[in-house]
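Read the figures in this text as sums done on the coordinates, not as results from a lab. The shown structure was predicted, so the numbers you read here are calculated from the model rather than taken from an experiment. Positions of Cβ are backbone-derived with ideal geometry, glycine not excepted, and every protein chain shown enters the neighbour counts.
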Amino acid sequence: MYHRFHGLQSCVNNPDSQGKMRLFAFRAFTVDHSAQQVRALDSLVEIIKPSDISRYQQYTVYVYVESPHTNNAYLKENPRDLDRYSNQNDWIYQVDWVKGNFLMRKIVKDGDFLPDKNLNKIEIIQQKKS
């Protein structure tokens, strides 16, 4: 799953330390919103979370499924379509931290938040030792 994960270049990244948003997309990814898939996304976000996250007032990671409208080339030419299209159709997951502390995660389908009994925690998949 992780090898198909890549950053989306976007104008939303704020260069100051008050807040930062990072956007990521998956190629060839089928979303089923299963508990296993959510745990895999939780684990991935934990891996990419910066070690100095506490320096940010707020830090947010958004995850999308790559599509003809949600990819680097298209969004470079049409940056407003992130809000107009991608957030409604391809946005699947979000995690927020405030002052380095986990705040919440959101599971998203068709632009709406799905009920999540584990909203206030991230479940990490333990990596098997070789």
- Among all the aspartates and glutamates, which ones have a C-alpha under 19 Å from Lys76's C-alpha, if same-chain residues fewer than 8 places away are not counted? Glu66, Asp90
- Leaving out same-chain residues fewer than 8 places away, which aspartates and glutamates sit with a Cα under 14 Å from that of Lys20? Asp52, Asp96
- Task: Kindly list the residues of region 41-85 that lie in the label zone of Asp116, defined by a backbone N under 18 Å from the point 7 Å along the Cα-to-C-beta vector.
- Result: 41-50, 58-66
